[in-house]
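J.: Questions regarding the structure given below will be posed in turn.
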Amino acid sequence: MLKIILTIVFVLICIALTVIVLLQEGKSSGLGSISGMADSYWGKNKGRSMEGTLEKITKFAAVAVLGLALVLNIIW
């Protein structure tokens, strides 16, 4: 029973991680980084923006996926 629940949670987190990564913008901002757009308001306050929030959620989800994969490997 525990194996089934952990597997379902693992699959849901994997799907969520995929969606979150696809929602993020690319790191290369093209010619905007040459002209100094990287030092704009959004570049300095990235932690408070939506992009910063998505990065934090991505890190948490990645750690959760790795942890659950290890647990499921031991249980399996």
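J.: Give me the one-decimal nm value for the distance between modelled label points at Ala62 and Thr7, 7 Å along each residue's Cα-to-Cβ direction.
T.: 2.7
J.: Each residue of the stretch 7-17 in order: what ³J(HN,Hα) in whole Hz does its phi give by Karplus 6.51 cos²θ - 1.76 cosθ + 1.60, θ = phi - 60°, with x for Gly and Pro?
T.: Rounded to whole hertz, the list is 5, 5, 4, 4, 5, 5, 5, 5, 5, 4, 5.
J.: From the backbone phi of the stretch 50-65, what are the Karplus-calculated ³J(HN,Hα) couplings (6.51 cos²θ - 1.76 cosθ + 1.60, θ = phi - 60°) in whole Hz, Gly and Pro given as x?
T.: 5, 5, x, 5, 5, 5, 5, 5, 4, 4, 5, 5, 5, 5, 5, 5
J.: Continuing with this model, one more query. With every protein chain present, what accessible area does Val19 have (1.4 Å probe, heavy atoms only), rounded to the nearest 10 Å²?
T.: 80
J.: How do Leu22, Leu68 rank by accessible surface area computed with a 1.4 Å probe, from largest to smallest?
T.: Leu22, Leu68
The values are calculated or read from the model by the stated rules, or taken from the named source; none is laboratory data. Because the structure is a prediction, the values reported are computed rather than measured. A quick note on method: Cβ atoms are made from the backbone with ideal geometry, for glycine too, and the neighbour counts reach across all protein chains shown. The area values use the complete protein model at the heavy-atom level, side chains included, leaving out ligands, DNA and RNA. Shrake-Rupley method; radii C 1.70, N 1.55, O 1.52, S 1.80 Å.
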